[in-house]
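A.B. asks: Have a look at this one before I ask anything.
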Amino acid sequence: MEKSGTQTPLSLAAAQAVRTYAATTRSALGSAESPVISYAGLWLLLASLAPAAETETDEILGLNRADARAAALALLEAPHPTIGAAVAGWLRPGVELTKGLPIVLDPLPDQAGLDTWADEHTRGLIKEFPLEIDARTLLVLASALVVTPRWSESLDEGEDGLLRLEDGFHAVVETEAAGPVAVASPPSEDGISVYSVIAEEGVSADDVWRAADEVVRRIDAGEVHDRTFDAAGEGDGHAWTVREITVFGGAPSDRWRSHLPEWSAEDRHDLSAAPGVAEIARGVMAAVAEETDAVCIQKAVASYDREGFKAAAVTGMMVRAAAAAPRETKVRQIDLSFNRPHAVVAVARGGAWEGIPLFSSWVTPA
């Protein structure tokens, strides 16, 4: 699980900022059980727009406005073997801005044009832009994030119907958040580690995510190594069994295997209430001369199979003209009440029957 490239102080700060933002946003949105979501995709969009925020963004994005913008630009410009990232903005022709925005704005295309942008910048994984534009749409801002690492070798299917992983990373790790967890990650030469983390049944999704964050942090710090059994006792556990087997040849050592499911997911998230969105949206809306409101939506997809992992997200923020308030008009209000005995008559209309009362009734309300 080699790390590619050398991190600068800014990239290290950005990585920590995104990790913290992911945990904060997961808690704020209650999205621990979302099938797929990209907190990084949202952070990338907000960080690109950070200079538009009316106050500093340290507490929201983990970096001040200038550093957040610089970190986002550095990520967008950094080559990576399997990550694709983009940020874009579009302005409806004729809309006037009261101040500049920290992003290049192209003329707003039609819906098909936005769909094409999403398709091209997610390597075909997302065909439709997450927001639908209409006559009220003044400004659209978006980020796209896609990863497509392949395993170094295809995984075989075991007798249990799960994918069998023998190489790569395996560990049992004691965590503060969720107790002992099992961890597995197939080997890849594409600069992406895809960790699967399982805790004991009954542990909340929030605590499992906290445990996963803890495990990854400890792996990165060199505190947890491949084929580590770091849990109380060394017998069977909630997600592992320990058996003695006989092998022939080679040095005696533990043999590890993980059994992983194939899966795919897609989801759509209203991120308008996510941390930082309202603060930065206000700054963006202030750049538009007329009264506006804003919405932020993300579409995300992911799949995990014998060949590798694919995931993509498009996060869109749309600034719209505020809905016009209804005009005030003074009219008379006349109420009719048929709460006493009254007559009802059915009269024919048209042709030879015109005007003929067909049925007459006297109605006495109960």
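A.B. asks: When the accessible area of the stretch 140-249 is computed with all protein chains present and a 1.4 Å probe, what percentage of it is carbon and sulfur?
C.D. replies: Roughly 45 percent of what the probe reaches on the stretch 140-249 is carbon or sulfur.
A.B. asks: Still on this structure, please answer the following. In deg cm²/dmol, rounded to 500, what helix-only [θ] at 222 nm does the chain give when every DSSP H run of at least 4 residues adds -39500 (n - 2.57) and the total is split over its residues?
C.D. replies: -7000 deg cm²/dmol
A.B. asks: Can you classify the stretch 177-253 as rounded, prolate or oblate using the Cα gyration tensor, where a ≥ b ≥ c are the square roots of its eigenvalues, rounded means a/c under 1.5, and otherwise it's prolate if a/b beats b/c and oblate if not?
C.D. replies: oblate
A.B. asks: Calculate, in nm to one decimal, what N64 and E96 gain on full extension: separation in residues at 0.36 nm each, minus their alpha carbon distance.
C.D. replies: Here the segment from N64 to E96 would lengthen by 8.7 nm.
A.B. asks: Here's another thing I want to ask about it. For the stretch 165-171, take each phi angle, set θ = phi - 60°, evaluate the Karplus expression 6.51 cos²θ - 1.76 cosθ + 1.60, and give the result in whole Hz per residue in order, putting x for glycine and proline.
C.D. replies: Couplings: 10, 10, 8, x, 9, 9, 6 Hz.
A.B. asks: Let me ask something else. Along the charge dipole of the chain, which of S31, A302, L165 sits closest to the positive end, that is, farthest toward it, with unit charges on the beta carbon of Lys, Arg, Asp and Glu (+1, +1, -1, -1)?
C.D. replies: Result: S31, furthest along the dipole toward the positive end.
A.B. asks: Mean separation of Cα pairs under 8 Å and 6+ residues apart, divided by the residue count of the stretch 18-130: what relative contact order is that in percent?
C.D. replies: 19 percent
A.B. asks: When only C-alpha pairs under 8 Å and at least 6 residues apart count, what is the relative contact order of the chain, in percent?
C.D. replies: Over the chain, the number comes to 21 percent.
A.B. asks: Right, another one. Let me make sure I get this right: for the stretch 128-284, a, b and c are the square roots of the gyration tensor eigenvalues over alpha carbons, sorted descending. Under 1.5 in a/c it's rounded, otherwise prolate if a/b > b/c, else oblate. Which is it?
C.D. replies: Judged from the Cα gyration tensor, the stretch 128-284 comes out prolate (a/c at least 1.5, a/b above b/c).
A.B. asks: What shape does the stretch 30-79 have by the C-alpha gyration tensor, where a ≥ b ≥ c are the square roots of the eigenvalues, rounded means a/c under 1.5, and otherwise prolate means a/b greater than b/c and oblate the rest?
C.D. replies: In terms of gyration-tensor shape, oblate.
A.B. asks: Treating only the Cβ of Lys, Arg, Asp and Glu as charged (+1, +1, -1, -1), what charge dipole size does the chain show about its Cα centre? Round to the nearest 20 debye.
C.D. replies: So the dipole magnitude of the chain works out to roughly 1800 debye.
A.B. asks: Name the residue farthest towards the positive end of the dipole of the chain from the options G222, A289, A313, assuming +1 on Cβ of Lys and Arg, -1 on Cβ of Asp and Glu, about the Cα centre.
C.D. replies: Value computed over the given set: A289.
A.B. asks: Rounded to the nearest whole Å², what accessible area per residue is found for the stretch 94-133 with the 1.4 Å probe?
C.D. replies: I get 57 Å² per residue for the stretch 94-133.
A.B. asks: So, one more: List the residues whose amide H sits under 5 Å from the amide H of L138, counting only those 5 or more places along or on another chain, with H placed 1.01 Å from N in the peptide plane.
C.D. replies: Sorted by chain and number, the residues that satisfy this are V319, R320, A321.
A.B. asks: Something else about it: Which semi-axes, in whole Å and largest first, does the equivalent ellipsoid of the chain have when worked out from the alpha carbon gyration tensor as the square roots of 5 times its eigenvalues?
C.D. replies: Working through the eigenvalues yields semi-axes of 54, 31, 20 Å.
The values are calculated or read from the model by the stated rules, or taken from the named source; none is laboratory data. Keep in mind the model is a prediction, meaning the values are calculated, not measured. So basically every Cβ, Gly included, is an ideal-geometry build from the backbone, and we count neighbours across all protein chains shown. Just so you know, the surface numbers come from the protein's heavy atoms only, side chains and all, with ligands and any DNA or RNA stripped out. Shrake-Rupley method; radii C 1.70, N 1.55, O 1.52, S 1.80 Å.
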